[in-house]
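The values are calculated or read from the model by the stated rules, or taken from the named source; none is laboratory data. Computed from a predicted model, the values in this text were never measured in an experiment. Here the Cβ positions follow ideal geometry from the backbone for every residue, glycine too, while neighbour counts run over all protein chains shown.
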Amino acid sequence: MGLIVHKYGGTSVADLEKIENVARKVIRTKEAGNEVVVVLSAMAGETDRLIALAQKAAEDPDPREFDSLISTGEQVTVTLLAMVLNRLGYRAKSFLGTQVKVHTDQAFKKARIVRIDEKVLKHELKKGTICIVAGFQGVDEEGNITTLGRGGSDTSAVALAAALRADACDIYTDVDGVYTTDPNICPQAKRLAKISYDEMLEMARAGAKVLQPRSVEMAKKYNVPVYVKSTFTDEGGTLVTKEDKDMEKEVVSGVTYDRDQAKFTVVRVPDRPGIAARLFTPLADKNIVVDMIIQNASVEGFTDLSFTVSRKEVKTAREIVEKAAREVGSERVEVDENVSKISIVGVGMISHSGVAAKMFATLAREGINIEMISTSEIKISCVVHAKYTELAVMALHEAFQLEQRS
Ligand code: ADP
Ligand code: ASP
Ligand code: MG
C-alpha cells in the first residue's frame, strides 16, 4: 500500500482498446489499496502529426503557439482514460500541466520543470480519486504552455513521483525493461534486472530512448526508484536505482545508437584564440546543445572544426553557424545529416584499458569508418555513416559478449 505513479507511453494508449487495457492495470493497483497517479503520453504518432501540421502552417512557427499545439495530444488521452475509469465506476479526474500546476522555465520545446504544486493532487488523492496527469507539458511563469522535449512524459512522471514522495514510479512501455541494447534492432539483446542511475543516465543520453535523460537525472537527484515494465505482459521489468555493492561493475553494460545527429564542419577556420568561442557562443545563446566537437591539427594557420547537433536544430544552427563562420573568415560550412552516433556504456570502463581499442577494431573489421570519437569515464561514442547503425550495434553487442549478461 502506498502512493504509486504509473506512466504509459504512446503505444500503450494508441487507441481506445489500449486505453481500456491501461484502465484495467490502473484499477488493479488501486484495488490493491494504493493511491494512484497516472501520467500519459499522446497516442502513438500523434505528436509527430501535430509537429508536421505546425510546419505546414508556418515555416518557422512561433514557439509559444507550437508548444500549445503539440501538447494537445496528451489532453485527448488523459480525458479518455478518465471517462473510461468513470464508466467502470471509479472516481477519476484528468489534469493538464496548467491545472496541476507543473511549473517550468520558458524554454519552449525543451522546458525544464522547476517546481510542482502537489496540493491539488494530494487533495484529490485523499478523496480516493485516481489522478490522471497529461505528460510532456507544463506552464511557465506567464501562464504559457510549455513542453519538455520529445519523450518528456517520462520526466513528468518522475517529477510527480518526487513531488508527491511516491513509493514507486512505474514506467510502462512497449518493451519489458531496459536491455543491453535496443531489442527492436538486436534480437540478442538481454534484459537487465537492475541498472544504476549513472549507467542508465549515460545510456539515455547516448540515445536509448526507453527513458528520457532528464527523467533519470531527476530520479537520481530525488532518489526515486523507477521500474521500467511492459504494458502488455506482467513478465520482466528493470529496476533503475542507486548503485549497490552486488551490482557488478560491468566493463560494458550497453550499446546505444542515436540517429538524431547532424555533423557540421566549418572548413578552413583561422587558428587563433577566441574563434571557438565566437562560433559556439551564439549557438549556446539560442539554447542549441552541441554534442561532439573535434578540431583538426592546424595547417598553415588554418584548421577544420567539426561538431554535432540534434537534427531537429539543423536549420537554426545552420543560419547561426554560417553567419559566425563568415565573420571569423572561414571558407565554408558543410552539413551532413546522414550520420549516427554509436556508444558503448559501462561503469567498469574506468578501471579497464583496451576498451576503446576493441570498439575501434570491431568497427574496422566491419568496414565502418569512424568520423568522430568522444570519450568520458564511462562511455565511448563514435559518429559513423547512418547506414551502418544496425551493423555497428550488432557487431559491438557481440564483441563485448553482451548476450551473455544475466
Ligand atoms: P514510450 O512511447 O512508451 O515512451 P519509447 O518509444 O519512447 O516508448 O521507448 C521505448 C523504446 O525504446 C523501445 O520500443 C525500444 O525500441 C527503445 N530502446 C532503445 N534502447 C533500448 C534499450 N536499451 N532497452 C530497451 N528499449 C530500448
Ligand atoms: N508525446 C510526447 C512525444 O511524443 C511525449 C512522450 O511521448 O513522452 O515526444
Ligand atoms: Mg518515450
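Would you confirm, using the coordinates I've provided, whether Ala392 is surrounded by 14 or more Cβ atoms within 10 Å (Cβ to Cβ), touching a Lys or Arg at 6+ places or on another chain (Cβ under 9 Å) and at pLDDT 95 or above? Considered against the rule, which asks whether it is surrounded by 14 or more Cβ atoms within 10 Å (Cβ to Cβ), touching a Lys or Arg at 6+ places or on another chain (Cβ under 9 Å) and at pLDDT 95 or above, Ala392 comes out as no.
Scanning segment 63-96 for residues that are over 30 Å from Thr316 (Cα atoms) and charged (D, E, K, R) gives Arg87, Arg91, Lys93.
Taking the criterion of being among the basic types (Lys, Arg) and touching a residue at least 12 places away in the same chain (Cβ under 8 Å), the only residue of segment 54-88 that qualifies is Arg64.
Let's see how each residue does on (1) over 30 Å from Leu164 (Cβ atoms); (2) within 16 Å of ligand 1 (Cβ to nearest atom); (3) at pLDDT 95 or above:
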| site | (1), (2), (3) |
| --- | --- |
| Val37 | no, no, yes |
| Ala44 | no, yes, yes |
| Arg49 | yes, yes, yes |
| Leu53 | yes, no, yes |
| Lys56 | yes, no, yes |
| Arg64 | no, no, yes |
| Ile70 | no, yes, yes |
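Do we have Asp198 as under 15 Å from the mean Cα position of the chain (by Cα), more than 16 Å from ligand 2 (Cβ to nearest atom), surrounded by fewer than 17 Cβ atoms within 10 Å (Cβ to Cβ) and outside any strand (DSSP E or B) here? So Asp198 fits the description; yes.
Checked against the criterion of being touching an Asp or Glu at 6+ places or on another chain (Cβ under 7 Å), surrounded by fewer than 17 Cβ atoms within 10 Å (Cβ to Cβ) and touching a residue at least 40 places away in the same chain (Cβ under 8 Å), the candidates Val339, Val267, Val345 yield just one match: Val267. From Thr129, Thr155, Thr104, which residue is touching a Lys or Arg at 6+ places or on another chain (Cβ under 9 Å), over 26 Å from Ser230 (Cβ atoms) and within 15 Å of ligand 2 (Cβ to nearest atom)? Just one listed residue meets the conditions, Thr104. Considered as a group, the residues in segment 295-320 that are in contact (Cβ under 8 Å) with a residue 24 or more places away in the chain and among the small types (Gly, Ala, Ser) include one that is surrounded by the most Cβ atoms within 10 Å (Cβ to Cβ), and that residue is Ala317.
Output the residue which, of all residues in segment 178-194 that are of a type in the set (A, V, I, L, M) and farther than 17 Å from Ser343 by Cα, is farthest from ligand 3 (Cβ to nearest atom). Of everything passing the filter in segment 178-194, Ala193 is farthest from ligand 3 (Cβ to nearest atom). From the residues in segment 210-236 that are surrounded by 18 or more Cβ atoms within 10 Å (Cβ to Cβ) and in a loop (DSSP other than H, G, I, E, B), which one is farthest from ligand 2 (Cβ to nearest atom)? For segment 210-236, the residue satisfying everything is Val224.
Restricting attention to segment 155-174, the residues that are within 8 Å of ligand 1 (Cβ to nearest atom) and not β-branched (Val, Ile, Thr) add up to 2. Helices (runs of 4 or more DSSP H) fully within segment 1-118 that include at least 1 residues being among the charged types (D, E, K, R) and exposed (fewer than 14 other Cβ atoms within 10 Å of the Cβ): 16-31, 46-57, 72-87.
Looking at Ala392, Ala356, just one residue is in contact with a helix residue (DSSP H, G or I) (Cβ under 8 Å, 6 or more places away or on another chain) and in a helix (DSSP H, G or I), and that residue is Ala392.
Here is a list: Gly135, Gly152, Gly177. Which entry is on the phi > 0 side of the Ramachandran plot, within 16 Å of ligand 1 (Cβ to nearest atom) and surrounded by 21 or more Cβ atoms within 10 Å (Cβ to Cβ)?
That would be Gly177, the only listed residue that is on the phi > 0 side of the Ramachandran plot, within 16 Å of ligand 1 (Cβ to nearest atom) and surrounded by 21 or more Cβ atoms within 10 Å (Cβ to Cβ).
Rundown of residues vs (1) of a type in the set (A, V, I, L, M, F, W, C); (2) touching a Lys or Arg at 6+ places or on another chain (Cβ under 7 Å); (3) away from ligand 3 (no atom under 15 Å from the Cβ), yes/no style:
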position	(1), (2), (3)
Gly10	no, no, no
Val13	yes, no, no
Val26	yes, no, yes
Arg49	no, no, yes
Glu59	no, no, yes
Arg64	no, no, yes
Ser68	no, no, yes
Leu80	yes, no, yes
Leu85	yes, no, yes
